[in-house]
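Structure, as structure tokens:
The values are calculated or read from the model by the stated rules, or taken from the named source; none is laboratory data. Since we're looking at a predicted model, the values are computed, not measured. Because the Cβ atoms are built from the backbone with ideal geometry, glycine has one as well, and the counts that use them run over all protein chains shown.
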Amino acid sequence: MERIIIISDTHKNQVLLRKTFSNEDNITHIFHLGDNYEDLDENFYLTEGKEIVKVPGIFHPGYLNKSLPAVQTTEISGWKFLLIHNIEDLKNPTNEADFFLFGHTHSWSFERKKNSYFINPGHLRKKSDKGHKPSYVVMDIGKNSITVYFKYIDGTVFRKEIINK
């Protein structure tokens, strides 16, 4: 089984980033949805042996000068993922993906549109930002189903979704 941790908007907060990873075992993939994705670079011991997919935030120089892709896609166990920082940059989500993962708003969300799921894991900026607690997502991926866990910084699950193919 594959296991993804999805984080966004870390904004150089190494304490919350490391706390998040300390809650989780057996992570195989890390998705960082922007705003200071270089935060992972300072944590080799957390990322070693894991596949990392990341996109820049809207203020990142690589985003602004278009030297870094604003959108990344990947496939795991037959499931297609599209990563973007600001979902509004994707004018018409015509790209075929099972999951559209985005950040930017600092508030978690889960929505199904047709046969796709739109997920924002929230933020890891500080203890509260824009009225929202820090949060992240973990996905356990099987061939025919994915279990999505929305978690607060202490590892407490506050929402769980099971998605079948």
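For segment 147-164, the candidate set comprises residues that are in contact with a Phe, Trp or Tyr (Cβ under 9 Å, 6 or more places away or on another chain), assigned to a strand (DSSP E or B) and among the β-branched types (Val, Ile, Thr); within that set, the residue that is surrounded by the most Cβ atoms within 10 Å (Cβ to Cβ) is 148.
Residue 126 meets the conditions (1) closer than 14 Å to residue 11 by Cα; (2) touching a strand residue (DSSP E or B) at 6+ places or on another chain (Cβ under 8 Å) in every case but one. The failed one is (2). The residues of segment 4-16 that are touching a helix residue (DSSP H, G or I) at 6+ places or on another chain (Cβ under 7 Å) and in a loop (DSSP other than H, G, I, E, B), listed by number, are 10, 12.
When 68, 101, 83, 33 are checked against the criterion of being of a type in the set (A, V, I, L, M) and free of Cβ contacts under 8 Å to residues at least 40 places away in the same chain, 68 stands alone in meeting it. For segment 125-141, taking the residues that are modelled with pLDDT under 90 and outside any strand (DSSP E or B), the one that is surrounded by the fewest Cβ atoms within 10 Å (Cβ to Cβ) is identified as 131.
None of 22, 8 is polar (S, T, N, Q) and in contact with a Pro (Cβ under 9 Å, 6 or more places away or on another chain) except 8. Condition test on residue 26, is it polar (S, T, N, Q) and more than 18 Å from residue 151 (Cβ to Cβ)? Here the answer is no, as residue 26 does not meet what is asked. Taken over segment 28-71, the criterion of being closer than 22 Å to residue 163 by Cα and either over 13 Å from the mean Cα position of the chain (by Cα) or surrounded by fewer than 17 Cβ atoms within 10 Å (Cβ to Cβ) (or both) is satisfied by 28 alone.
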